[in-house]
1. Residues that are charged (D, E, K, R) and at pLDDT 90 or above: find the helices (runs of 4 or more DSSP H) completely inside the stretch 22-131 holding 3 or more of those.
2. Are there any pairs with C-beta distances below 9 angstrom linking a residue in the stretch 88-111 that is small (G, A, S) to a residue that is not in a helix (DSSP H, G or I), with the two at least 6 apart or on different chains, and if so which?
Amino acid sequence: MSERRDEDARLTSLLQALRVAEPSPAFLAGARRRYLEAIEVRDRRQVLRGLVAALVGLSVIAILLGPTIDPAALLVWLADVAADLARWTAGVGVVLALVPLAIWASAALGSIAAVLSLVFVARARPLGLVK
């Protein structure tokens, strides 16, 4: 058993005695880029797994609730939702017809400016503390 530890210690000392050049900055930048890409792929995979799990859960609930819900009640609910959607669509059409184009344009430009300012604030680098 002690022979094995001696061999390991000898191998470690031989490896430490080797002269190794510092990795190039291009290699380090590439390694960092590949590492970040791998993390991004892993996170994307986890999100997709969570989405699939949620969809499977919803489908299981729908399958289990299917026989317990009266089909006529489901059709009545769907018809009610369709009627509400039609009413909202008609209301939006009336509002779009009554409000002048200049007001819509100014509202759209104001919204775009607000979103852009939020994007710029989010992308800004935090300032260091003043000493």
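1. Of the helices (runs of 4 or more DSSP H) lying wholly inside the stretch 22-131, those with at least 3 residues that are charged (D, E, K, R) and at pLDDT 90 or above span 25-65, 71-98.
2. Every condition considered, the pairs that remain are A107/V99.
The values are calculated or read from the model by the stated rules, or taken from the named source; none is laboratory data. Just so it is clear, the structure is predicted and the values come from calculations on it, not from any experiment. Counting neighbours? That spans all protein chains shown, and the Cβs are built from the backbone with ideal geometry, glycine included.
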